[in-house]
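Engineer: Questions regarding the structure given below will be posed in turn.
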Amino acid sequence: MAEKVIIYTQETCGPCHAEKEWLTSHNISFEDRDIRKSGAYMQEVVDLGASATPVTVIELDGKREVVMGFDREKLANILGLE
């Protein structure tokens with residue numbers, strides 16, 4: 001199980017809402033960071049090299065995985081949901 005899941009989102013992002021629903025349906029806890037409500041969160045996304053949301057950061061076994069966009073297959077693989 002992931003030690004920490006952070007998803008960078010914004011209210012008007014359909015894929016963001018879909019990913020949060022997907023994570024919830026798989027009982028994955030996550031921290032939702034709305035980039036429109038925090039300049040710091042926006043800067044974190046820029047520093048990750050992203051230009052769109054969602055961006056998901058997963059900390060697992062001392063490693064950090066970054067997933068750009070709502071990529072169910074990649075998220076399931078990293079989170080061990082296969």
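Where a number appears in this text, it was derived from the coordinates with a stated rule and is not lab data. Bear in mind that the values here come from a model prediction, so they are computed numbers and not experimental data. Quick reminder, even Gly has a Cβ in these numbers, built from the backbone with ideal geometry, and neighbours come from all protein chains shown.
Engineer: Points 7 angstrom from Cα along the Cβ direction at Asp71 and Thr24: gap in nanometres?
Structural biologist: The answer from the label model is 2.5 nm.
Engineer: Moving on. Dipole of the stretch 1-80, Cα-centred, from +1 at each Lys and Arg C-beta and -1 at each Asp and Glu C-beta, to the nearest 20 debye?
Structural biologist: 80
Engineer: Next question, about the same structure. Taking each pair of different alpha-carbon atoms in the chain once, compute 1/r for the pair, average those values, and report the inverse of that mean as the Kirkwood hydrodynamic radius in Å to one decimal.
Structural biologist: Computed over the chain, the radius equals 12.6 Å.
Engineer: Now a separate question. What is the antiparallel percent of DSSP beta bridges lying wholly in the stretch 4-79, to the nearest 5?
Structural biologist: Once the DSSP bridges in the stretch 4-79 are tallied, antiparallel ones form about 75 percent.
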